[in-house]
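The values are calculated or read from the model by the stated rules, or taken from the named source; none is laboratory data. Bear in mind the structure is a predicted one, so any value in this text is a computation, not a measurement. Cβ placement follows ideal geometry from the backbone for every residue including glycine, while neighbour counts extend to all protein chains displayed.
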């Protein structure tokens, strides 16, 4: 990978590589944009087949965090931390991550992501001040992330069915992890007709039995007819082929980087399938975390009230897309980049739009 070329293409400011000989830790920290404030984004410990794959993921996810934070109205830039090389997840390794984050002096704030637990980030916090989402503060981000996804499902139902009420609507949820599980709980309470799938059959079965959801095989989930498809597992699920065939009215899920190809939003638009951009839908976790920085300290009720605004923001995005005859992805990015440019200009910063990707 030509790293500087990749950075210039999407407007990244910084990519830092850390190596710890004692633990074998190889940490990649990508900072996309800090116009709105210090960068924030989780730390991911995941298997990558090649080093370039890990770097590409850090670049892609950090840009997504910039858009997510900007469109949510937060005073954060976007970053992502990625651990490469499949090291053993020991307390020493986690403290090593913390030490490296500390050297960045607050330019990057990080916390739980795929492969890490709330307990893991508590260990990381032993060696850095810049951990967010800790138990005694805003806590596990999965519940507010699920609540934001629930509000997004209501928004796409309002747009496609005329009412946000999920009662009797078939919602197909991909992923029975923390977010998918909680989303099913919220939708079941509203009387939704649920379909669930997960690569771990035991997790899918558990959610199915708890909430009366019908379980389907992972390879069948994007072929299942419904009102809404909600991808809540890993990314890149929306391929051009899936976009051309998925039998639903709308898509709204919490998974990061759902689009495997830039053509997907246009394909969905042409078919009349409404797409709620993932970086808007899954903003609940970081919105909840942002309340840790409130002058009066974290307050759950205030945080969840802000997460609920995802509903109104999506309706605004759908209106812009309709008025401008563009995809919802383009409309959401437009609103995010418009805010970055506006606030950058107020701070005396020249921010050409083409540098934002």
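Counted as qualifying within the stretch 12-61 are the strands (runs of 3 or more DSSP E) with 1 or more residues that are surrounded by fewer than 18 Cβ atoms within 10 Å (Cβ to Cβ), namely 14-20, 25-33.
crowded, with 17+ Cβ neighbours inside 10 Å and at pLDDT below 95: does that describe residue 134?
Against the criterion (crowded, with 17+ Cβ neighbours inside 10 Å and at pLDDT below 95), residue 134 qualifies.
Filter the stretch 231-287 for residues that are surrounded by fewer than 22 Cβ atoms within 10 Å (Cβ to Cβ), over 26 Å from residue 143 (Cα atoms) and touching a residue at least 60 places away in the same chain (Cβ under 8 Å) and give the result. 266, the sole residue that qualifies. Annotation: of all residues in the stretch 264-281 being assigned to a loop (DSSP other than H, G, I, E, B) and touching a helix residue (DSSP H, G or I) at 6+ places or on another chain (Cβ under 6 Å), the one that is nearest to residue 229 (Cα to Cα) is 276. Here residue 139 passes the criteria (1) part of a helix (DSSP H, G or I); (2) within 30 Å of residue 108 (Cα to Cα) except the one numbered (1). Does residue 68 satisfy being in contact (Cβ under 8 Å) with a residue 12 or more places away in the chain and under 17 Å from the mean Cα position of the chain (by Cα)? So residue 68 fits the description; yes.
Residue under question is residue 163, and the condition is that it be surrounded by fewer than 22 Cβ atoms within 10 Å (Cβ to Cβ) and either more than 20 Å from the chain's Cα centre (by Cα) or not in a strand (DSSP E or B) (or both); does it hold?
Yes.
For the stretch 86-106, a residue qualifies if it is under 24 Å from residue 53 (Cα atoms) and surrounded by 14 or more Cβ atoms within 10 Å (Cβ to Cβ), and the qualifying residues are 87, 89, 93, 94, 96, 97, 98, 100, 101, 104.
When residues in the stretch 299-312 are screened for being touching a helix residue (DSSP H, G or I) at 6+ places or on another chain (Cβ under 6 Å) and either outside any helix (DSSP H, G or I) or within 15 Å of residue 68 (Cβ to Cβ) (or both), 4 of them pass.
One line per residue, one yes/no per condition, for (1) under 21 Å from residue 63 (Cβ atoms); (2) part of a strand (DSSP E or B); (3) within 21 Å of the chain's Cα centre (by Cα):
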{"residue": "203", "(1), (2), (3)": "no, no, no"}
{"residue": "227", "(1), (2), (3)": "no, yes, no"}
{"residue": "234", "(1), (2), (3)": "yes, no, yes"}
{"residue": "257", "(1), (2), (3)": "yes, no, yes"}
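Looking only at the stretch 70-94, residues that are in a helix (DSSP H, G or I), farther than 16 Å from residue 115 by Cβ and out of contact with any helix residue (DSSP H, G or I) (no Cβ under 6 Å at 6 or more places or on another chain) come to 1 in all. I'd like the residue in the stretch 110-133 that is in contact (Cβ under 8 Å) with a residue 60 or more places away in the chain and in a loop (DSSP other than H, G, I, E, B) and, out of all such residues, is farthest from residue 178 (Cα to Cα). The selected residue is 132. Taken over the stretch 197-216, the criterion of being touching a residue at least 24 places away in the same chain (Cβ under 8 Å) and touching a helix residue (DSSP H, G or I) at 6+ places or on another chain (Cβ under 7 Å) is satisfied by 197, 198, 199, 207, 211, 212, 213.
Only one entry in 173, 221 is under 22 Å from residue 282 (Cα atoms) and part of a strand (DSSP E or B), namely 173.
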